[in-house]
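What follows is a short report on a single structure.
The values are calculated or read from the model by the stated rules, or taken from the named source; none is laboratory data. What you are looking at is a predicted structure, and each value in this text was computed from that prediction instead of being measured. Cβ atoms come from the backbone with ideal geometry, glycine included; neighbour counts cover every protein chain shown. Note: areas computed on protein heavy atoms with side chains; ligands, DNA, RNA excluded. Shrake-Rupley method; radii C 1.70, N 1.55, O 1.52, S 1.80 Å.
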Amino acid sequence: MSNHTDAEQEVLLERKGCAGVITLNRPKNLNALNLNMIRQIYPQLKTWEQDPETFLIIIKGTGAKAFCAGGDIIEIVKGNQKISQNFFREEYMLNNAIGSCQKPYVAFIHGITMGGGVGVSIHGHFRVATEKSLFAMPETAIGLFPDVGGGYFLPRLQGKLGYLLALTGFRLKGRDVYTAGIATHFVDSEKLGMLEEDLLALKSPSKENIADVLETYHTKSKIDQGKSFVLEEHMDKINSWFSANTVEQIIENLQRDGSSFALEQLKVINKMSPTSLKIALRQLIEGSSKTLQEVLTMEYRLSQACMRGHDFHEGVRAVLIDKDQSPKWKPATLKEVTDEDLNNFFKSLGSNDLKF
């Protein structure tokens, strides 16, 4: 049974005060989310949601480095087809459960918060960032797309900011995570412990009571208070470059602009999987008018197409396994990724579709 106890410790699920507390507990792996963790969190979340004595759900990560750096991609790539089917299916079911959770849900997105870590935080009511927060959706670099509901929340950020984040994997740090609208509150990291204690000590709190406590801490936080958003001066241009309907047109816009910021983004985009770029742009355009459940259904189709394809396995090899950082994408150019290919990625899986 020793294996079972090890596995159980990957995530801690505790009732404390008025709350259910979820602690992602794999600090050596930057709290990366695996199937075992998802399978423990989901039923517990559902139980707490129904429990009249639980008024609040908190999710946080162990250690100072990361809330959750993403899904445990290596596990998926090394696993069999069943693993990749189950992982994405159950991860997206969890993302939806968080998005529809009837109890206030507070995520402490302190440290690295990427990919799967965004999925277990962004869809909840409250997300608390700190000066050590680092947000990104870097999936196009590994032949995937910004999933876990990225097609829902990214196009809903200010202007076309989400499109830049999706295609380039641009990293937001500290207060910028709040300014961008990823976090709902910003708190000095040294106050997180006190904030948690104050939340746990609330007596039968309403959502408003919880919001008040978060607001109080947010207001008192002075770190980078007057700092303007890192992309502030570029927002008008970002909004115009990324309003194109094709990746080719976005690239043309960046080339035509020629400023150092534009060329920097161009250089990044040119390194990404052409297939991933086209999938991601269409994912966001379509997702902008879909519900979270519709988006997750679409993303599940895309995830399974990526599992069958070449680029995801090659991207993981180049970035995470061999770490040579030089993936050989197939197809290697945007024009080789046809509209027909793209339509196929978005096709229904029939009885294998994600069902809620």
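Descriptive notes on the structure:
- Residue match in the stretch 269-286 (condition: loosely packed, with under 13 Cβ neighbours inside 10 Å, under 25 Å from GLU248 (Cβ atoms) and either under 22 Å from the mean Cα position of the chain (by Cα) or at pLDDT 95 or above (or both)): yes
- Output for the stretch 327-351, where each listed residue is in contact with a Lys or Arg (Cβ under 9 Å, 6 or more places away or on another chain), open to solvent by less than 100 Å² (accessible area, probe 1.4 Å) and not acidic (Asp, Glu): PRO327, LEU334, VAL337, LEU342, PHE345, PHE346, SER348, LEU349
- Any chance LEU167 is hydrophobic (A, V, I, L, M, F, W, C), part of a helix (DSSP H, G or I) and surrounded by 24 or more Cβ atoms within 10 Å (Cβ to Cβ): yes
- Residue, most open to solvent (accessible area, probe 1.4 Å), within the stretch 26-57, restricted to residues that are touching a Ser or Thr at 6+ places or on another chain (Cβ under 7 Å) and part of a helix (DSSP H, G or I): PRO27
- Each residue in the stretch 170-184 was checked for being assigned to a strand (DSSP E or B) and open to solvent by 10 Å² or more (accessible area, probe 1.4 Å), and 1 pass.
- Within the stretch 127-144, the set of residues being open to solvent by less than 10 Å² (accessible area, probe 1.4 Å) and within 15 Å of the chain's Cα centre (by Cα) comprises VAL128, ALA129, SER133, PHE135, ALA136, MET137, THR140, LEU144.
- Some residue of the stretch 83-101 being in a loop (DSSP other than H, G, I, E, B) and either among the hydrophobic types (A, V, I, L, M, F, W, C) or surrounded by fewer than 24 Cβ atoms within 10 Å (Cβ to Cβ) (or both): yes
- Test: residue in the stretch 186-198 that is under 12 Å from the mean Cα position of the chain (by Cα) and either buried (at least 21 other Cβ atoms within 10 Å of the Cβ) or aromatic (Phe, Trp, Tyr) (or both): no
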